[in-house]
């Protein structure tokens with residue numbers, strides 16, 4: 001296989017708090033190939049968003065990238081100067097955020113928000129940018145783009161707004177898009193449309209996507225490869241089909257069990273015992289151990305759990321294998 | 001482009017059909033009008049004394065005449081003319097004081113709210129210390145140091161009131177910078193300056209407009225208090241606070257000397273506050289949505 005477009009190596013993001021060190025991301029390694037859609041699945045607070053933000057070096061205040069490398073086309077993004085990383089942002093890597101309600105500036109019309117990006121990164125003039133913007137809006141299925149482009153964000157529905165956000169993300173033809181729960185705030189039918197749109201655009205533009213979500217169901221049709229993350233660590237990573245047919249890690253299995261099915265009775269809904277908790281000063285053993293239904297006696301005493309190659313291209317971090 | 005015209009029409013209509021905005025704007029326009037045209041519309045020189053006609057009542061009362069429609073004060077000066085001239089002081093202080101207070105407070109608030117951390121600590125602690133002086137006391141001390149005069153009153157008000165802009169706007173900047181569109185702006189590599197000016201600032205404008213109208217009202221009151229204690233403009237310039245201070249001495253014999261300037265202050269401040277309140281309703285984008293659907 002060729003060199004991956006994006007390669008995260010042993011990334012650690014720590015927050016130094018008064019009560020201890022919060023290890024939001026603790027040694028994550030992940031590759032994204034050109035044109036590939038990689039899913040990053042885990043519970044809230046699992047550190048998935050922090051990985052996305054680290055790639056663009058936008059970790060919120062208080063957080064520090066403690067160690068690791070993020071190689072993008074062979075360059076380590078963590079070593080770039082502030083000016084160099086700004087060239088990467090938007091032009092090469094862009095982001096789609098969770099909430100379309102707040103990811104557009106309420107004070108400006110859609111038009112100026114798309115045009116600004118095109119002018120800044122592609123150097124088009126106003127007229128050209130407007131034509132491109134209208135065409136792109138048309139492509140993502142916004143009806144009557146000439147009219148809607150002059151609207152303010154609050155005049156559009158959630159789904160429409162997310163389409164606008166997608167247009168902005170794709171407008172500069174980036175090589176990688178980080179989509180942080182882009183469909184979570186939308187209702188189910190709109191979700192499906194947006195996912196299909198993302199997939200089509202990614203194929204059309206040959207764009208890789210790092211798709212961050214808590215919803216395994218969303219991942220199934222969209223992603224080529226899936227990494228399951230728990231408390232800042234990847235616990236299992238495999239091709240989507242392999243992961244769905246053959247989940248190995250107890251946490252992944254538990255996630256599959258918690259997807260409700262239409263033939264279930266209410267009492268049968270499964271949920272994982274306990275909560276993730278905040279990984280402050282946790283021991284370096286298996287993080288899922290306290291909630292695990294398949295735990296072994298040895299889990300308690302083993303300090304470090306490394307990946308096991310379950311089958312080629314299917315890694316699991318569990319002592320059972 | 002007919003749609004755009006119609007949209008603008010709808011907007012103007014929304015401003016005019018809001019009673020608070022309408023009343024407030026009329027008061028404000030009236031103040032602006034009298035303060036500009038006072039020399040032309042005042043029937044008398046405000047400092048012209050007529051010892052033969054002191055404490056004359058307003059024209060509708062016995063002993064009053066149409067020459068002095070709101071009566072005269074204890075020195076025989078025309079109350080109505082003095083009120084008109086007094087509005088100049090009030091408006092000057094309101095406009096200049098508020099503008100410069102905002103000019104100091106808003107940029108500091110933007111910096112504190114956007115960069116947070118050490119920058120915010122520095123600015124906010126400084127504001128905290130500044131506010132811990134009682135405002136009236138601070139302005140009286142300032143006036144005692146600066147001396148009397150119109151620009152000095154404005155300066156005292158600026159020095160007292162910039163903190164209010166700083167505090168209120170900083171909070172709003174905090175809210176706005178939490179929003180995803182700021183993160184999105186960073187993710188498309190906008191510079192910090194551009195994010196502050198083009199992404200954050202437009203979103204505080206509605207609050208700023210409201211704050212400006214409230215602040216103008218406060219400036220008028222502060223000026224009145226200062227001129228009441230004789231620490232505002234020179235005695236030769238008529239000001240509402242001065243008129244009240246003088247009228248207080250004759251409240252039992254000639255109530256009009258004190259009551260009319262008081263009413264001027266009350267109506268001005270009330271009108272400006274209503275204007276601010278109404279503008280908040282009109283400018284709030286969330287309320288806009290409901291109306292359009």
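In the range A:85-109, of all residues being out of contact with any helix residue (DSSP H, G or I) (no Cβ under 7 Å at 6 or more places or on another chain) and not in a loop (DSSP other than H, G, I, E, B), the one that is nearest to residue A:122 (Cα to Cα) corresponds to A:87. Just one of the listed residues (B:58, B:43) is surrounded by 13 or more Cβ atoms within 10 Å (Cβ to Cβ), over 30 Å from residue B:278 (Cβ atoms) and touching a residue at least 24 places away in the same chain (Cβ under 8 Å), namely B:58. Once the range A:130-159 is narrowed to residues that are within 14 Å of chain B (Cβ to nearest Cβ) and part of a helix (DSSP H, G or I), the residue that is nearest to the chain's Cα centre (by Cα) is A:158. Of the residues making up the range A:39-52, none is within 14 Å of another protein chain (Cβ to nearest Cβ), out of contact with any strand residue (DSSP E or B) (no Cβ under 6 Å at 6 or more places or on another chain) and closer than 23 Å to residue B:116 by Cα. Here residue A:121 does not fit the description of being over 22 Å from residue B:203 (Cβ atoms), over 23 Å from the mean Cα position of the chain (by Cα) and modelled with pLDDT of 90 or more. Residues in the range A:60-81 that are on the phi < 0 side of the Ramachandran plot and within 11 Å of chain B (Cβ to nearest Cβ) were compared, and the one that is surrounded by the fewest Cβ atoms within 10 Å (Cβ to Cβ) is A:61. Here residue B:206 clears all of (1) in contact (Cβ under 8 Å) with a residue 60 or more places away in the chain; (2) under 30 Å from residue B:45 (Cα atoms) except the condition numbered (2). Residue A:117 falls short on exactly one of the conditions (1) assigned to a loop (DSSP other than H, G, I, E, B); (2) at the interface with chain B (Cβ under 7 Å from one of its Cβ atoms), and that condition is (1). With respect to the stated conditions, residue A:163 is over 17 Å from residue A:52 (Cβ atoms), buried (at least 22 other Cβ atoms within 10 Å of the Cβ) and within 19 Å of the chain's Cα centre (by Cα). Scanning the range A:184-232 for residues that are crowded, with 19+ Cβ neighbours inside 10 Å, touching a helix residue (DSSP H, G or I) at 6+ places or on another chain (Cβ under 6 Å) and in a helix (DSSP H, G or I) turns up A:194, A:195, A:201, A:216, A:222. Six or more apart or on different chains, Cβ atoms under 9 Å: show the pairs whose first residue is in the range A:82-96 and more than 9 Å from chain B (Cβ to nearest Cβ) and whose second is at pLDDT 90 or above and part of a helix (DSSP H, G or I). Pairs that qualify, where the first residue is more than 9 Å from chain B (Cβ to nearest Cβ) and the partner is at pLDDT 90 or above and part of a helix (DSSP H, G or I), are A:84/A:77. Just one of (1) within 14 Å of another protein chain (Cβ to nearest Cβ); (2) part of a helix (DSSP H, G or I) fails for residue B:242. It is (1).
Conditions (1) more than 30 Å from residue B:224 (Cβ to Cβ); (2) more than 16 Å from the chain's Cα centre (by Cα); (3) facing another protein chain (nearest Cβ under 9 Å), marked per residue:
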residue	(1), (2), (3)
B:142	no, yes, no
B:147	no, yes, no
B:157	no, no, no
B:163	no, no, no
B:169	no, yes, no
B:178	yes, yes, yes
B:181	yes, yes, yes
B:188	yes, yes, yes
B:192	yes, yes, no
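Residues are listed down the side, and each one gets a yes or a no for (1) touching a helix residue (DSSP H, G or I) at 6+ places or on another chain (Cβ under 7 Å); (2) in contact (Cβ under 8 Å) with a residue 60 or more places away in the chain:
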position: B:179; (1), (2): no, no
position: B:188; (1), (2): yes, no
position: B:194; (1), (2): no, no
position: B:213; (1), (2): yes, yes
position: B:219; (1), (2): yes, yes
position: B:225; (1), (2): yes, yes
position: B:233; (1), (2): yes, yes
position: B:248; (1), (2): yes, no
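Take the residues in the range A:27-49 that are modelled with pLDDT of 90 or more and buried (at least 22 other Cβ atoms within 10 Å of the Cβ); name whichever of them is farthest from the chain's Cα centre (by Cα). Among residues in the range A:27-49 that are modelled with pLDDT of 90 or more and buried (at least 22 other Cβ atoms within 10 Å of the Cβ), the one farthest from the chain's Cα centre (by Cα) is A:28.
The values are calculated or read from the model by the stated rules, or taken from the named source; none is laboratory data. Only a predicted model underlies this, so the values are computations on that prediction, with no experimental measurement involved. A quick note on method: Cβ atoms are made from the backbone with ideal geometry, for glycine too, and the neighbour counts reach across all protein chains shown.
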